[in-house]
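See below for the structure under consideration.
Please treat every number below as a calculation from the coordinates, not as lab data. Since we're looking at a predicted model, the values are computed, not measured. Heads up, the Cβs are rebuilt from the backbone with ideal geometry, glycines too, and the neighbour counts pull from every protein chain shown.
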Amino acid sequence: MFNPAKILQFRKDWGEFEKRHPKFVLFIGAIMKNGVGEGSVIDIKITLPDGRELESNLKVSAEDVEFLKNVGELGGQN
């Protein structure tokens, strides 16, 4: 069960994140607008300060689509 105080804190923290990273937030908005459908592939690459790279990907399932929809609703992205 969700703690309402944690949800309110998340919304505040998300607002601060938006201020620090507006291009990334626009990118997330485009994803939400276009949707991430079943069969989509999400690739993630992180470059650490020492130059090492960590990469992974996942193929989106029907269950993932539902989860992402629920996460979007938590953040106010209906």
For this session: Have a look at Gln9, Ser61, Gly37 and report the one farthest towards the positive end of the charge dipole of the chain, computed about the Cα centre with Cβ charges (Lys/Arg +1, Asp/Glu -1).
Result: Gln9
Problem set entry | Spatially close lysines, pair count over the chain: Cα under 27 Å, gap of eight or more or interchain | 21
Problem set entry | Scattering curve values for the chain, log₁₀ I(q)/I(0), Debye with Cα scatterers, q = 0.12 Å⁻¹ | -0.46
For this session: Go through the range 34-40 residue by residue and turn each phi into a ³J(HN,Hα) via Karplus (6.51, -1.76, 1.60, θ = phi - 60°); whole Hz please, and just put x for glycine and proline.
Result: 7, x, 10, x, 4, x, 5
Exercise. Taking θ as phi - 60°, what are the ³J(HN,Hα) couplings along the range 20-32 by the Karplus curve (6.51, -1.76, 1.60), each to the nearest whole Hz, with x for Gly and Pro?
Worked result: 6, 9, x, 5, 5, 5, 4, 4, 4, x, 5, 5, 5
Exercise. Mind checking the dipole of the chain: about its Cα centre, +1 per Lys or Arg Cβ, -1 per Asp or Glu Cβ, Debye to the nearest 20?
Worked result: 360
Exercise. Okay, helix-only estimate at 222 nm for the chain: each DSSP H run of n ≥ 4 adds -39500 (n - 2.57), divide by all residues, round to 500 deg cm²/dmol; what do you get?
Worked result: -18000 deg cm²/dmol
